[in-house]
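Written out below as structure tokens is the structure these notes cover.
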Amino acid sequence: MSSSETGENECMCWAAKDPSGLLSPHKFTRRSVTSDDVSLKITHCGVCYADVIWTRNQHGDSKYPLVPGHEIAGIVTKVGPNVQRFKVGDHVGVGTYVNSCRECEYCNDGQEVNCAKGVFTFNGIDHDGSVTKGGYSSHIVVHERYCYKIPVDYPLESAAPLLCAGITVFAPMMRHNMNQPGKSLGVIGLGGLGHMAVKFGKAFGLSVTVFSTSISKKEEALNLLGAENFVISSDHDQMKALAKSLDFIIDTASGDHAFDPYMSLLKIAGTYVLVGFPSEIKISPANLNLGMRMLAGSVTGGTKITQEMIDFCAAHKIYPNIEVIPIQNINEALERVVKKDIKYRFVIDIKNSLN
């Protein structure tokens, strides 16, 4: 019997059927495992703002039925004959992309995230013409290159958010040499990405200042996450007191905001990295040029740095702050993501709730 006759490729999931973004139970067929593939039973999937964007067709390119989810953790159930790095029973993660050309300069450098032919984990067009479907599902089949080893003692529910939220801040922090003990880091926004930036900053030995528009974040920034300083960004005096005091800033805010007030907090030749997506960036050239400052952008990371981050988190016992939910609560959870009513990442318990 073929695998399709035995039903092993049938995949249960929750999918959005139209731009309302409302998710409901759905079934589809995953491709069979080929020579270089890993099939994993998904145990957990993180919930990212990207899931809101594409389930609701905010970019106008959503392909329905759409199965979101690109912070995937699970256990290997089957490997192709050529697979070297994984075996049945291994704990594995899958992040924001599942394919690339494998021959450009970026792929050759382990920077697949920058490949022009990269394929997103959901709502992408794979090389065989099929539309990719993400981690709000019972299993996934992925080329081994785009899978990550999760140490067996690192909880799978904690590993899931590392695959997007974690790597989105870790990659630029490493690229811009923010792992220098004694230096100072500002983190703008304290959501899924921001709280990971604080955790990495602390692990690197940085003095961390959190910037927020909400005083309600002060207690958790200082006492829960261990930041040295908390600043209400609308308080002119608090901001002025920090002029030219920071070596680095990570900006995770996607809402529109002014850049110059933060830029002036950087030391001469300081680095400002934007990982959020506001609708525009306005900056005074003097703030950039006279301060010899750098403004950089970043997305997630290549396979090499992603594996390094997972290993770093395991070695330093860094775990995202998560709220685990059954998949039946996903529509409410997505609404709460929009309202920023989450500390700090939802993770769907696929294993125990998708049936």
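The values are calculated or read from the model by the stated rules, or taken from the named source; none is laboratory data. Because the structure is a prediction, the values reported are computed rather than measured. In this analysis, Cβ positions are derived from the backbone assuming ideal geometry, glycine residues included, and neighbour counts consider all displayed protein chains. Side chains included, ligands, DNA and RNA excluded: accessible areas come from the protein's heavy atoms. Shrake-Rupley method; radii C 1.70, N 1.55, O 1.52, S 1.80 Å.
Select the strands (runs of 3 or more DSSP E) contained entirely in the range 259-355, then report the ones holding at least 1 residues which are over 17 Å from Ile188 (Cβ atoms) and touching a residue at least 40 places away in the same chain (Cβ under 8 Å).
Ranges flagged: 322-325, 345-349.
State whether one or more residues within the range 266-279 are within 19 Å of Thr209 (Cβ to Cβ) and surrounded by fewer than 17 Cβ atoms within 10 Å (Cβ to Cβ).
Scanning the range 266-279 turns up at least one residue that is within 19 Å of Thr209 (Cβ to Cβ) and surrounded by fewer than 17 Cβ atoms within 10 Å (Cβ to Cβ).
Which residue, of Val38, Val33, is of a type in the set (A, V, I, L, M, F, W, C), in a strand (DSSP E or B), touching a residue at least 12 places away in the same chain (Cβ under 8 Å) and farther than 23 Å from Thr252 by Cβ?
Val38 is the lone residue from the list that is of a type in the set (A, V, I, L, M, F, W, C), in a strand (DSSP E or B), touching a residue at least 12 places away in the same chain (Cβ under 8 Å) and farther than 23 Å from Thr252 by Cβ.
Return yes or no: is Ala243 loosely packed, with under 15 Cβ neighbours inside 10 Å, small (Gly, Ala, Ser) and under 19 Å from Ala296 (Cα atoms)?
Against the criterion (loosely packed, with under 15 Cβ neighbours inside 10 Å, small (Gly, Ala, Ser) and under 19 Å from Ala296 (Cα atoms)), Ala243 does not qualify.
Could you figure out which of (1) open to solvent by 40 Å² or more (accessible area, probe 1.4 Å); (2) under 22 Å from Val337 (Cβ atoms); (3) in contact with a Leu (Cβ under 7 Å, 6 or more places away or on another chain); (4) at pLDDT 95 or above isn't true of Glu157?
Here Glu157 meets the rest and fails (3).
Name the one entry in Ser216, Ser234 that is open to solvent by 50 Å² or more (accessible area, probe 1.4 Å), part of a loop (DSSP other than H, G, I, E, B) and modelled with pLDDT under 95.
Ser234
Contact list please: Cβ distance under 6 Å, first residue in the range 56-82 and in a loop (DSSP other than H, G, I, E, B), second residue crowded, with 20+ Cβ neighbours inside 10 Å and among the β-branched types (Val, Ile, Thr), pairs at least six apart or on different chains.
From the range 56-82, the pairs are Pro68/Thr55; His70/Thr96; His70/Thr121; Gly80/Val33.
Inside the range 48-81, can you point out the residues that are open to solvent by 10 Å² or more (accessible area, probe 1.4 Å) and under 13 Å from Pro19 (Cβ atoms)?
Answer for the range 48-81, where residues must be open to solvent by 10 Å² or more (accessible area, probe 1.4 Å) and under 13 Å from Pro19 (Cβ atoms): Ile53, Trp54, Arg56, Asn57, Gln58, His59, Gly60, Asp61, Ser62, Lys63, Tyr64, Pro65.
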